[in-house]
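Asker: Quick one: this structure, given as structure tokens, is what I'll be asking you about.
The values are calculated or read from the model by the stated rules, or taken from the named source; none is laboratory data. Here the structure is a predicted model, which means the values were calculated and not measured. Neighbour counts are summed over all protein chains in view; Cβ atoms, including those assigned to glycine, are modelled from backbone coordinates with ideal geometry. These accessible areas exclude ligands, DNA and RNA; they are computed on the full protein's heavy atoms, side chains included. Shrake-Rupley method; radii C 1.70, N 1.55, O 1.52, S 1.80 Å.
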Amino acid sequence: MVAQAMVERRSIDVIPDEERHGTAFSQFTLWLGANLQITTVVTGALAVVFGGDVVWSVAGLLAGNLLGGAVMALHSAQGPRLGLPQMISSRAQFGVRGAVVPLVLVVVMYIGFFASGSVLAGQAVGKLTHLGPVPGIVVFALVTGAMATVGYRVIHALGRVASVVCALAFVYLGARLLERADLAHLAHQHHFTLPMFLLAMSLSASWQLAFGPYVADYSRYLPRTTSARATFGWTLAGSVLGAQWSMSFGVLVAATAGTAFVDDQVGYVVGLGGTGLVASFLYFVIALGKLTVNVLNTYGGFMSLVTSVSGFRGQRVLSQRGRTAYILGIMVAGTAVALAGRTSFLDSFADFLLFLLTFFTPWSAINLVDYYLLSKERYDLPALSDPHGRYGGWRWDALLVYGVGLAAQFPFLSTSFYTGPLVAPLGGADISWLVGLVVPAVLFAVLGSRRTRTAPPSPTTADPSRTAPEPVIDQAG
């Protein structure tokens, strides 16, 4: 009975009040645990690997975590109010079917993060089980898929465990690192350069913004009476604290270890802690941290796929068999990418992070402007499932703004495969993500205000009692 109670029945349908539970503090433990892990360490280390110093890399990472984390936490605050997964609300801006445009990119993101996480976790699992990295990746993927299938409750339980275990491990590893690092020497080598500072900001901001498309998935079961300020605050605190802690550790590791860390991220971090039982425990901690965030990625990918399909098929509720099939698809795709790209992980991951930022900053800007400024946190929930209703099938003004937001970033974008013409005049600094937030926010505020004035009054708020009956999907999903 307990196991059955843990298995989630809901998918993209509204969570009714009688099934709401928990407190806003649950967002702190979840996002702290999701950020205290090896990929976050690697993200911070990249700021030094690409030429930054310790002092200004840490400062740039903090600035990016705070700014990107605030945007991400504003998305989280939508969860208790709407009781819906994050990307469903995009239908109010892009249309019931038009929301598939950002959704496709979101699914690519989940597969990419699943793959990058599996590469590092596979190394840890392979060492822990003596199976090697390839079987380690496969075993890790299977465990991830199983936990994502169980759903919401087990995800939060995993976050609570990981937040404690990983925090203790990082305290220990930090102490061991400080025994090797000459902090005074590193602190005196600081030299501010704008491009490196902005690169560090971009790395951490992209990390935080990448959570935006699914963060409300994990706050939507909170009671409707949960304070939006509390949800925002606890989400921001957990995500920024966990990310900055891990990234700062990564900066110090990269500054003291050099190529030893670049060549073997997992092996170096574990070796820093010790050998024998200590090393086995640290391999377990690395796998646990990656399991936490990869379950989030798999679950979020499942939600996004269902949202995409349901926009065209009118589905709201999913059978357990259909749920398993969607999750299996995400797992198989992510594992295939992990196995194919595991030998060139570090370079590929850096480009992946920065390129993702290009696509998600315009989406975040449009979603937040609409929800907080134009719609005043009031959505017609039945219309979010009706392509002939209030929000229509395709909302071309939002799609146009999204396209303009993408195009506006390219002159300022700097990656290994493309550098915009305005990067050199800025000294090599990449400010594309700032442009991607401001330009679509302003444009959509202007166009959206006209849309709001001409639209009929919204007949509902976020009250699920006013939603239409929910048809059940057949067993084929």
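Asker: Please tell me if Gly60 is within 23 Å of Leu199 (Cα to Cα), open to solvent by less than 10 Å² (accessible area, probe 1.4 Å) and part of a helix (DSSP H, G or I).
Answerer: yes
Asker: Name the one entry in Ala77, Ala70 that is surrounded by fewer than 24 Cβ atoms within 10 Å (Cβ to Cβ) and closer than 21 Å to Gly238 by Cα.
Answerer: Ala70
Asker: Show the residue pairs that are 6+ apart or on different chains and have beta-carbon atoms under 8 Å apart, the first residue being within the stretch 416-441 and part of a loop (DSSP other than H, G, I, E, B), the second being open to solvent by 80 Å² or more (accessible area, probe 1.4 Å) and not aliphatic (A, V, I, L, M).
Answerer: The qualifying pairs are Ser416/Asp347.
Asker: Which residue pairs have Cβ atoms closer than 7 Å, lie 6 or more positions apart in sequence or on different chains, and pair a first residue in the stretch 172-200 that is in contact (Cβ under 8 Å) with a residue 24 or more places away in the chain with a second residue that is assigned to a loop (DSSP other than H, G, I, E, B) and surrounded by fewer than 17 Cβ atoms within 10 Å (Cβ to Cβ)?
Answerer: From the stretch 172-200, the pairs are Leu194/Gly427; Pro195/Gly427; Pro195/Gly428; Met196/Gly51; Leu199/Phe50.
Asker: Looking at Ser248, Ser202 in this structure, which one is out of contact with any Cys (no Cβ under 6 Å at 6 or more places or on another chain), buried (at least 24 other Cβ atoms within 10 Å of the Cβ), in a helix (DSSP H, G or I) and polar (S, T, N, Q)?
Answerer: Of the residues listed, the single one that is out of contact with any Cys (no Cβ under 6 Å at 6 or more places or on another chain), buried (at least 24 other Cβ atoms within 10 Å of the Cβ), in a helix (DSSP H, G or I) and polar (S, T, N, Q) is Ser202.
Asker: Can you tell me which residue among Leu399, Leu406, Leu447 is out of contact with any Phe, Trp or Tyr (no Cβ under 9 Å at 6 or more places or on another chain) and in a helix (DSSP H, G or I)?
Answerer: Every option except Leu447 fails the conditions.
Asker: I would also like to ask the following. State whether one or more residues within the stretch 395-410 are closer than 19 Å to Gln86 by Cβ, at pLDDT 90 or above, of a type in the set (A, V, I, L, M, F, W, C) and open to solvent by 60 Å² or more (accessible area, probe 1.4 Å).
Answerer: No, the stretch 395-410 contains no residue that is closer than 19 Å to Gln86 by Cβ, at pLDDT 90 or above, of a type in the set (A, V, I, L, M, F, W, C) and open to solvent by 60 Å² or more (accessible area, probe 1.4 Å).
Asker: May I pose another question? Where residues in the stretch 209-244 are in contact with a Lys or Arg (Cβ under 7 Å, 6 or more places away or on another chain) and in a loop (DSSP other than H, G, I, E, B), which of them is surrounded by the most Cβ atoms within 10 Å (Cβ to Cβ)?
Answerer: That would be Leu222.
Asker: Return the only residue of Ala210, Ala167 being touching a residue at least 24 places away in the same chain (Cβ under 8 Å), of a type outside the set (Asp, Glu) and closer than 19 Å to Asp430 by Cβ.
Answerer: The match here is Ala210.
Asker: Further, regarding this structure: How about the stretch 414-451: which of its residues are of a type in the set (A, V, I, L, M, F, W, C), open to solvent by less than 40 Å² (accessible area, probe 1.4 Å) and farther than 25 Å from Val369 by Cβ?
Answerer: Passing the criteria: Val423, Ala429.
Asker: To continue, here is another question. Please determine whether any residue of the stretch 371-387 is open to solvent by less than 30 Å² (accessible area, probe 1.4 Å), under 16 Å from Val96 (Cα atoms), under 25 Å from the mean Cα position of the chain (by Cα) and not aromatic (Phe, Trp, Tyr).
Answerer: Yes, the stretch 371-387 has at least one match.
Asker: With respect to the numbered conditions (1) open to solvent by 20 Å² or more (accessible area, probe 1.4 Å); (2) under 30 Å from Val253 (Cα atoms), which one is the sole condition not fulfilled by Arg20?
Answerer: Unmet condition: (2).
Asker: Sticking with this one: Do we have any residue at all in the stretch 104-118 that's open to solvent by 10 Å² or more (accessible area, probe 1.4 Å), touching a residue at least 40 places away in the same chain (Cβ under 8 Å) and outside any helix (DSSP H, G or I)?
Answerer: Within the stretch 104-118 (the criterion being open to solvent by 10 Å² or more (accessible area, probe 1.4 Å), touching a residue at least 40 places away in the same chain (Cβ under 8 Å) and outside any helix (DSSP H, G or I)), the answer is no, since none of the residues qualifies.
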